[in-house]
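Any read-out appearing in this document is the output of simple, stated calculations on the displayed coordinates, not a laboratory observation. Note that the structure is predicted; figures quoted are calculated from it, not measured. FYI the Cβ positions are ideal-geometry reconstructions off the backbone, even for glycines, and counts take in every protein chain you see.
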Amino acid sequence: MTDNAANSTAGPDDETLALAHALFDAARQGDAALLGSYLEAGAPANMTNAAGDSLLMLAAYHGHAPAVRLLLQHGADANSVNDRGQTPLAGAAFKGYTDVAEALLGAGADPDAGTPSARAAAEMFARTDIQALMG
């Protein structure tokens, strides 16, 4: 086996992993400026971590509406589901982030997708403002 063949089956290099960690941290912290610069440079808006959480899921779950809107503008899937069957909208409903829920619904997020669905999470946690947005 040549070095090239060995490298073709290897995982991401340290630099790539560091960049991925930086992007996931930016999503968690709502650093739209950093996310935007990498999205403009071609970073995938639908990147997921080992748990299947997308950048959008992390931004939504942590209540960062500007980062959510930015990711959606760059093609992030509003209905992406993580490894536990949760959607970004369900995360926003669980946490009570009305502005995030509004952005996701405006981008076509399905309130009945996932387990539990955003509709069920909003009902379970009495998020009446988010329930009203879902109709």
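Assorted remarks:
- Within the shell defined by Cβ-Cβ distances under 9 Å, the residues around T98 carry a net charge of -2, with Lys and Arg each +1 and Asp and Glu each -1.
- Cβ charges +1 (Lys, Arg) and -1 (Asp, Glu), total dipole of the chain, debye: 440 debye
- Applying the criteria of a DSSP loop state and at most 13 other Cβ atoms within 10 Å to the trypsin sites (Lys or Arg not before Pro) of segment 53-105 yields R84.
- Under the Karplus curve 6.51 cos²θ - 1.76 cosθ + 1.60, θ = phi - 60°, whole-Hz ³J(HN,Hα) for segment 41-51, x wherever Gly or Pro sits: 7, x, 4, x, 5, 9, 4, 10, 8, 5, 8
- Screening the chain for whole DSSP H helices with an alpha carbon extent of at least 20 angstrom along the helix axis and a mean Kyte-Doolittle hydropathy of at least -0.5 yields 14-29.
- Relative contact order [Cα under 8 Å, 6+ residues apart], the chain, whole percent: 18 percent
- Taking 1.002 mPa s as the viscosity and 20 °C as the temperature, the Stokes-Einstein diffusion coefficient of the chain based on its alpha-carbon Kirkwood radius rounds to 140 µm²/s.
- For T16 and E40, the FRET efficiency from 1/(1 + (r/R0)^6), where r spans their Cβ atoms and R0 equals 25 Å, is about 0.85.
- Computed helical MRE - 222 nm, the chain, DSSP H runs ≥ 4 contributing -39500 (n - 2.57), nearest 500: -16500 deg cm²/dmol
- Along the axis of the charge dipole computed for segment 12-134 (Cβ charges of +1 for Lys and Arg, -1 for Asp and Glu, origin at the Cα centre), the listed residues P116, A45, A132 are led at the positive end by A132.
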